[in-house]
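Asks: Take a look at the following structure, please.
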Protein chains: 2
Amino acid sequence: MAQQERAIRTRRAVLEAAATVFAEQGYTAATVADILKTAGVTKGALYFHFDSKEALAKGVLEVQADRPLPEQEVKLQEMVDVAMSVAHRLVNDPVLRAGARLSSDPIGRRHYGSAWPLWVDMLTEIVTEAHRRGETLSHVVPREIAEMVVSAFNGVQLFAQLETDLNEVEYRASVLLKHLLPSIASPAVLMRLDVAPDRGARLLADAGLVPAPA
Amino acid sequence: MAQQERAIRTRRAVLEAAATVFAEQGYTAATVADILKTAGVTKGALYFHFDSKEALAKGVLEVQADRPLPEQEVKLQEMVDVAMSVAHRLVNDPVLRAGARLSSDPIGRRHYGSAWPLWVDMLTEIVTEAHRRGETLSHVVPREIAEMVVSAFNGVQLFAQLETDLNEVEYRASVLLKHLLPSIASPAVLMRLDVAPDRGARLLADAGLVPAPA
């Protein structure tokens, strides 16, 4: 049991190290040796869990959404919460930063795929339920909204990251949602949504999901 | 005079070749030798215009917006037109595809910069004038709108390019604008805007701006 726990902790440490290296250097420039050095584990321990750089990248993408957020009374708030908590985590959490960078890399993603389908599926589910509850405007097509929000959000985080060092990502994500939501939510729902730039920070703190494990 | 014209044509041919290679391979993998082969000009001719790979990338970024679009009665239509004509050109024009790829490349852009500030400035100017004419809602901050539209559009094109081979970029750009514009334009202006997926194609054909020079 203790051994199994240690294995889980080692696996997570390796993933965090891989994320740190991928986020900083990108997939092509990163090496397993760099990741090994950052993780501070033995080569055997790393290869026990991940047998290649590709497997490490896939592992990082798989854990993008492994911290479920609390349910909300207004279902559409959960879409906002996914976006705003990602925005918040992009600033401090290498796992999210690596996920964004790996997913946008045209060459690397041929090897390991992308986190986008995972986010699209998650938002599609949320918007479908919001639609069923009558929270959305009638023309809304859930998957179309999900794909639009995921892609536009990714553009906003990329712009923030490349033009402003990520400092403004929460503010910019909030601006984006404030402009998109009036075309998605019914007016009565709209005025109940919390889309403030610090929504992600508050949500994660309340849910005991920060600070991220080092 | 004929000599000067030939020089301009050679320069353009080199830029188109550079764009083709950058769009396909990315900045890091591209070589001047590849570009030379694609351009079909002499090494001397290429180096007369561009003395490095970096200079070629900068040259490609500089010509992103060198085909001015026709003025429109409704000023905000010009913002739509910039977006929809870029969406259309992304499908067939390597110059635009290279511009998008180069601008999103976290490593390469340290060398040559990005096309985003150019698009942001252009849209800021349009939205500022639209605002002055009373076409926008009162809360609109022109530069904020410009940055949001440029970043969200870039995310949408990246998603279309990486997940769907760019086929859907015009449709997705149209969906994005349809959801953003009700938070930007006044209702009376909104209903006069043409945001159809084929807006870019029609606009460029009417202006005699297609097909792109080979």
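Asks: Under the condition of being outside any helix (DSSP H, G or I) and under 19 Å from residue B:169 (Cα atoms), which residue from the stretch B:100-124 is farthest from the other protein chains (Cβ to nearest Cβ)? Walk me through how you get there before you give the answer.
Replies: To start, the set of residues in the stretch B:100-124 that are outside any helix (DSSP H, G or I) comprises B:104-108, B:113-115.
Those still in the list that are under 19 Å from residue B:169 (Cα atoms) too: B:104, B:115.
On the way: B:104: 6, B:115: 12 Å.
Among those that are outside any helix (DSSP H, G or I) and under 19 Å from residue B:169 (Cα atoms), it is B:115.
Asks: Show me the helices (runs of 4 or more DSSP H) found entirely inside the stretch A:24-75 where at least 2 residues are more than 15 Å from residue A:8 (Cα to Cα) and among the small types (Gly, Ala, Ser).
Replies: Details: elements: A:32-39, A:43-49, A:53-62.
Passing ranges, in order: A:53-62.
Asks: Being out of contact with any Lys or Arg (no Cβ under 8 Å at 6 or more places or on another chain) and within 12 Å of chain A (Cβ to nearest Cβ) is the filter here, so list the residues in the stretch B:24-45 that pass it.
Replies: Listed by number, the residues that qualify are B:24, B:25, B:28, B:29.
Asks: Taking the stretch B:125-140 on its own, how many of its residues are free of Cβ contacts under 8 Å to residues at least 24 places away in the same chain and more than 14 Å from chain A (Cβ to nearest Cβ)?
Replies: Qualifying residue count for the region: 5.
Asks: Let me ask something additional. Testing residue B:165 on (1) more than 8 Å from chain A (Cβ to nearest Cβ); (2) touching a Phe, Trp or Tyr at 6+ places or on another chain (Cβ under 9 Å); (3) without any contact (Cβ under 8 Å) to a residue 12 or more places away in the chain, one condition comes back false. Which one is that?
Replies: (2) is the only condition that residue B:165 fails.
Asks: Right, something else. Hey, any hits in the stretch B:77-93 for a residue that's in the same structural domain as residue B:150 (by TED's automatic domain parsing) and basic (Lys, Arg)?
Replies: The answer is yes; a qualifying residue exists.
Asks: Out of (1) buried (at least 20 other Cβ atoms within 10 Å of the Cβ); (2) more than 14 Å from every other protein chain (Cβ to nearest Cβ), the odd one out for residue B:176 is which?
Replies: The one condition residue B:176 does not meet is (2).
Asks: Failed condition for residue A:170, given (1) crowded, with 19+ Cβ neighbours inside 10 Å; (2) at pLDDT 95 or above; (3) within 9 Å of chain B (Cβ to nearest Cβ), with all others met?
Replies: All conditions pass for residue A:170, except number (3).
Asks: Here are some residues: B:193, B:204. Which one is touching a residue at least 60 places away in the same chain (Cβ under 8 Å), farther than 23 Å from residue A:147 by Cα and more than 14 Å from every other protein chain (Cβ to nearest Cβ)?
Replies: On the way: B:193 fails: more than 14 Å from every other protein chain (Cβ to nearest Cβ).
Sole residue among the options that is touching a residue at least 60 places away in the same chain (Cβ under 8 Å), farther than 23 Å from residue A:147 by Cα and more than 14 Å from every other protein chain (Cβ to nearest Cβ): B:204.
Asks: From the set of residues in the stretch A:22-32 that are free of Cβ contacts under 8 Å to residues at least 40 places away in the same chain and crowded, with 18+ Cβ neighbours inside 10 Å, which is nearest to residue A:89 (Cα to Cα)?
Replies: So, considering only residues that are free of Cβ contacts under 8 Å to residues at least 40 places away in the same chain and crowded, with 18+ Cβ neighbours inside 10 Å, the one nearest to residue A:89 (Cα to Cα) is A:30.
The values are calculated or read from the model by the stated rules, or taken from the named source; none is laboratory data. In this text, all values refer to a predicted model and were calculated from it rather than measured experimentally. For neighbour counting, all protein chains shown are included, and Cβ atoms are generated from backbone atoms with ideal geometry for every residue, glycine included.
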